[in-house]
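Asker: The following block contains the structure, expressed as structure tokens.
Just so it is clear, none of the values below were taken in a lab; they were calculated from the coordinates. Values in this document were obtained by computation on a predicted structure and should not be read as measured data. FYI the Cβ positions are ideal-geometry reconstructions off the backbone, even for glycines, and counts take in every protein chain you see.
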Amino acid sequence: MKYITITEDNFEEEVIRSEKPVLLDFWASWCGPCRMIAPIVEEIAEENDDIKVGKINVDDERRLAMSFGIESIPTLVAMKDGKIINKTIGVTSKENLLALFD
């Protein structure tokens, strides 16, 4: 499954009501580290049918980013049952991202 672009309009449906755990990638096109981690996030989306992956562009979705208290990007947030269970800031490995759900 490919990743989903998350907006204020689909956040409730795609994240809060998701039956699967969700990995949210807060990013921006001008962010070098965001571009470095993007292929890893996309690999997780392709290889893990049991995790929904959503990308949130902080420039387009400022209110959504503010509601999560995002101060640095990339920030990756693991959610389950509509609640934050873990998060990490900066470039990290695929193993560390998957471990956010452990």
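Asker: What distance in nm separates the simple spin-label points at SER29 and ARG63, each placed 7 Å from Cα in the Cβ direction?
Answerer: Using points 7 Å along Cα→Cβ, the separation is 2.3 nm.
Asker: Within straight cross-link reach of LYS94, meaning Cα distance under 19 Å, which aspartates and glutamates are found once same-chain residues fewer than 8 apart are removed?
Answerer: ASP25, GLU42, GLU43, GLU46, GLU47, ASP49, ASP50, ASP102
Asker: Right, something else. ASN86: net charge of surrounding residues, Cβ under 12 Å, Lys/Arg +1, Asp/Glu -1, itself excluded?
Answerer: Result for the local shell: +2.
Asker: Still on this structure: Name the shape class, rounded, prolate or oblate, that the alpha-carbon gyration tensor gives for the chain, where a ≥ b ≥ c are the square roots of its eigenvalues, rounded holds for a/c under 1.5, and otherwise prolate holds if a/b is larger than b/c and oblate otherwise.
Answerer: Values: a/c = 1.40, a/b = 1.03, b/c = 1.36.
Rounded.
Asker: With charges only on Cβ, +1 for K and R and -1 for D and E, what is the dipole size of the range 1-66 about its Cα centre, in debye, rounded to 20?
Answerer: Charge dipole of the range 1-66: 240 debye, to the nearest 20.
Asker: Are there chymotrypsin sites (Phe, Trp or Tyr not before Pro) in the range 1-80 that DSSP puts in a loop and that have at most 12 other Cβ atoms within 10 Å, and which ones?
Answerer: Values: sites: TYR3, PHE11, PHE26, TRP27, TRP30, PHE68; in loops: TYR3, TRP30, PHE68.
When the chymotrypsin sites (Phe, Trp or Tyr not before Pro) of the range 1-80 are filtered for loop state and at most 12 Cβ neighbours within 10 Å, TRP30 remain.
Asker: Tally Lys and Arg at +1 and Asp and Glu at -1 over the other residues with C-beta under 11 Å from the C-beta of SER67: what net charge comes out? Numbers along the way, then the final one.
Answerer: Details: positive: ARG62, ARG63; negative: GLU8, GLU61.
That sum, taken over residues with Cβ under 11 Å, equals 0.
Asker: Counting only the backbone N, which residues of the range 5-30 are under 19 Å from the spot 7 Å out from the Cα of GLU42 toward its beta-carbon?
Answerer: Residues 5-6, 23-30 fall inside that zone.
Asker: Please build a GNM for the chain, connecting alpha carbons under 10 Å apart, and tell me which residue among LEU23, LEU76, LEU64 fluctuates the most.
Answerer: Comparing LEU23, LEU76, LEU64 in the GNM, the peak value goes to LEU64.
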